[in-house]
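Inspection log for the structure reproduced underneath, given as structure tokens.
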């Protein structure tokens, strides 16, 4: 029997490896998103506690105010403010005991509490969507394919050039879904070709192993 060309075996092998890589990437991205959500939820709870201390002392608790600023900045990186509202850190910076009237500080604290509730609803919605992806191979595969498209933004986020929620907005945009559809079509076409090639090659390979 004629030997099987290496090219006939190489493409299906490499393509199935690529599919496995995309699925593994989806698992990693899903795990990282779950981890990030837990961290954001913990920060939000600590932010709420710090706000209570700041409100109780009229902003005179320096440690609570510093913690409030740090946590507000962290939440701003992940959760965008509601439409027409400033970011949390910009509101926290208005709390200056001795320089700002107490009534204005109380109004700022009240507005912050409302925006924290809005951030809480946003995180809960993300948690519900993330929970749906667990145990679903299709969703994990889509997450992996999307991760390939988002590599430049992930690198920029690691370098601190863009905020985390910017990548999430891109992922929800129509342009991203259009690009995702094109990539999925290419993956599907390549998979069909790889399966057809494997069906032709595997029987010949088994025959060649027989004495």
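Quick note: the coordinates plus some simple rules give every number you see, no bench work behind them. Predicted model only: the values in this text are computed from it and were never measured. A quick note on method: Cβ atoms are made from the backbone with ideal geometry, for glycine too, and the neighbour counts reach across all protein chains shown.
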(request) Taking 7 Å along the Cα-to-C-beta vector as the label spot, tell me the residue 110-residue 36 distance in nanometres, rounded to one decimal. (result) 3.5
(request) Quick one: among 172, 91, 130, which has the greatest mean-square fluctuation in a GNM of the chain with alpha-carbon springs under 10 angstrom? (result) 172
(message) On C-alpha positions alone, give me the angle between the axis of helix 6-57 and the longest principal axis of the chain, in degrees, nearest 10.
(response) 10
(request) With everything on Cα atoms, drop me the angle between helix 62-78 and the longest principal axis of the chain, reported from 0 to 90° to the nearest 10. (result) 30
(message) If you fit an axis through the alpha-carbon atoms of helix 102-133 and take the longest principal axis of the Cα set of the chain, what angle between them do you get, 0 to 90°, nearest 10?
(response) 20
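Report the Rg/Rh value for region 6-209, based on alpha-carbon coordinates and the Kirkwood definition of Rh. It would help to have the intermediate numbers written out before the result.
Numbers: Rg = 24.2 Å, Rh = 20.2 Å.
Dividing the radius of gyration by the Kirkwood radius yields 1.20.
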(request) Using Cα centres only, tell me the gap between region 139-192 and region 78-92 in whole Å. (result) 26
(message) I need the shape label for region 52-141. Rule: rounded when a/c is under 1.5, else prolate if a/b > b/c, else oblate, with a, b, c from the alpha carbon gyration tensor.
(response) prolate
(message) With a 10 Å cut-off between alpha carbons and a GNM built on the chain, which of 165, 193, 31 moves the most?
(response) 193
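What's the exposure ranking of 125, 55, 104, going from fewest to most Cβ atoms within 10 Å? Write down the numbers at each step before the final one.
Values: 125 10, 55 19, 104 13.
Listed from fewest to most nearby Cβ atoms, that is 125, 104, 55.
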(message) Only Cα pairs within less than 10 Å get springs; with that Gaussian network setup on the chain, which residue of 19, 149, 159 has the largest fluctuation?
(response) 159
(message) Give me the extension gain from residue 187 to residue 70: residue separation times 0.36 nm, minus the current Cα-Cα distance, reported in nm with one decimal.
(response) 37.8 nm
